[in-house]
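J.: One structure, as structure tokens, below. Some questions next.
The values are calculated or read from the model by the stated rules, or taken from the named source; none is laboratory data. The model shown is predicted, which means the values in this text are computed figures rather than measured ones. A quick note on method: Cβ atoms are made from the backbone with ideal geometry, for glycine too, and the neighbour counts reach across all protein chains shown. To get the accessible areas, we keep the full protein, side chains included, count just its heavy atoms, and leave off ligands, DNA and RNA. Shrake-Rupley method; radii C 1.70, N 1.55, O 1.52, S 1.80 Å.
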Amino acid sequence: MRTDIFARLDREPEPPKIETPRMSRHRIALFGGTLAFYLAIVIAVLMSSWLVTLDWKVMLFRPYQQWPGIHAFLDYYVVLGQRGPTAVMVACWLGWRSWRQHTLRPLLTLGVSLLLLNATVGAVKYGLGRLGPHYATQVGSAELFAGGDIFPSGHTANAVVTWGILAYLAATPRARRYLSAMSAVVSLGVGLTTVYLGTHWLSDVVLGWAAGLLILLGLPWCEPLITRAEDWIFAARERLSARSRLVPAPPVAAGDPRPVPAGQPAVGETAAQSPAREPVAAGSRQAASVTTTTL
């Protein structure tokens, strides 16, 4: 019997099974409303509307000069929106859950969400090419199609998706509520921190929030793909395990006699010349053993 700590942890009661979210009417309505809001922000920036004017007002206000005392703390806090560190932290936790529950769904869901994040946010970033506040060239301009890559805010979208995955995969409604509130606070703080540091316009952050929320709301559409990927991985593992259990026959050197199966004549022997091989009863074996011992 295994007595190490991992064996004891593996025998602990399993948490409730993760319910797979479905695209309900409520979720579809939220997805449609968020998509409309996303497009409205993009159009407002493209038209250099009042939103761009607000961007410039906040930028010229220079929050990092107004409250310099919190600058050092926010330099560390903004790391909660960086993709590398946050993905590693969340992947460690979801990997632990995958091991405990004998499922790959948490890790696969995280991978799919990050892939969608890179594809969608990255395409808009490089497509619109907006410059950041520190590189702005003309007051009042939207600074679009100038070779930049800050619209929408990747820090903000990543914070929404990475920490929101914990709420998406929560096992109980209570945990889902708490984790949703936590991810909302963290992503809100990360977005406002980038505005404070002057690395993003306010509209970048607003669009980043919408971009991350769209990915979380649309994840149920990816659930069938995640299930098929998990089944394929487990099936591949079973095939590899079955192959490893097959013991290959020992190699025979050239010129050495090959083993002859029982009941077959050796090479060069006919069936009549080969000695008869008859089964020996258990009693006969015992008698022979007794006779040998007596002699």
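J.: Criterion first (of a type outside the set (A, V, I, L, M), open to solvent by 30 Å² or more (accessible area, probe 1.4 Å) and more than 30 Å from Arg97 (Cβ to Cβ)) does Phe145 satisfy it?
T.: yes
J.: Please specify each residue of the range 148-170 satisfying the condition of being open to solvent by 30 Å² or more (accessible area, probe 1.4 Å) and under 22 Å from Ser98 (Cβ atoms).
T.: The one that is open to solvent by 30 Å² or more (accessible area, probe 1.4 Å) and under 22 Å from Ser98 (Cβ atoms): Trp163.
J.: Based on this model, can you work out whether Val185 counts as surrounded by 15 or more Cβ atoms within 10 Å (Cβ to Cβ) and farther than 23 Å from Thr53 by Cα?
T.: Answer is no for this residue.
J.: Does any residue of the range 198-219 turn out to be open to solvent by 30 Å² or more (accessible area, probe 1.4 Å), over 23 Å from the mean Cα position of the chain (by Cα), modelled with pLDDT under 95 and not β-branched (Val, Ile, Thr)?
T.: The answer is no, given that none of the residues of the range 198-219 is open to solvent by 30 Å² or more (accessible area, probe 1.4 Å), over 23 Å from the mean Cα position of the chain (by Cα), modelled with pLDDT under 95 and not β-branched (Val, Ile, Thr).
J.: If you go through the range 48-63 one residue at a time, how many are within 17 Å of Tyr135 (Cβ to Cβ) and either free of Cβ contacts under 8 Å to residues at least 60 places away in the same chain or hydrophobic (A, V, I, L, M, F, W, C) (or both)?
T.: Within the range 48-63, residues that are within 17 Å of Tyr135 (Cβ to Cβ) and either free of Cβ contacts under 8 Å to residues at least 60 places away in the same chain or hydrophobic (A, V, I, L, M, F, W, C) (or both) number 5.
J.: State whether one or more residues within the range 68-77 are of a type in the set (D, E, K, R) and within 30 Å of Glu230 (Cβ to Cβ).
T.: No, because not a single residue in the range 68-77 is of a type in the set (D, E, K, R) and within 30 Å of Glu230 (Cβ to Cβ).
J.: Could you grab me the full set of residues in the range 87-142 that are open to solvent by less than 20 Å² (accessible area, probe 1.4 Å) and at positive phi?
T.: Gly129
J.: Is it true that some residue in the range 105-117 is more than 19 Å from Ile226 (Cα to Cα), among the aliphatic types (A, V, I, L, M) and out of contact with any His (no Cβ under 6 Å at 6 or more places or on another chain)?
T.: Checking the range 105-117: not a single residue is more than 19 Å from Ile226 (Cα to Cα), among the aliphatic types (A, V, I, L, M) and out of contact with any His (no Cβ under 6 Å at 6 or more places or on another chain).
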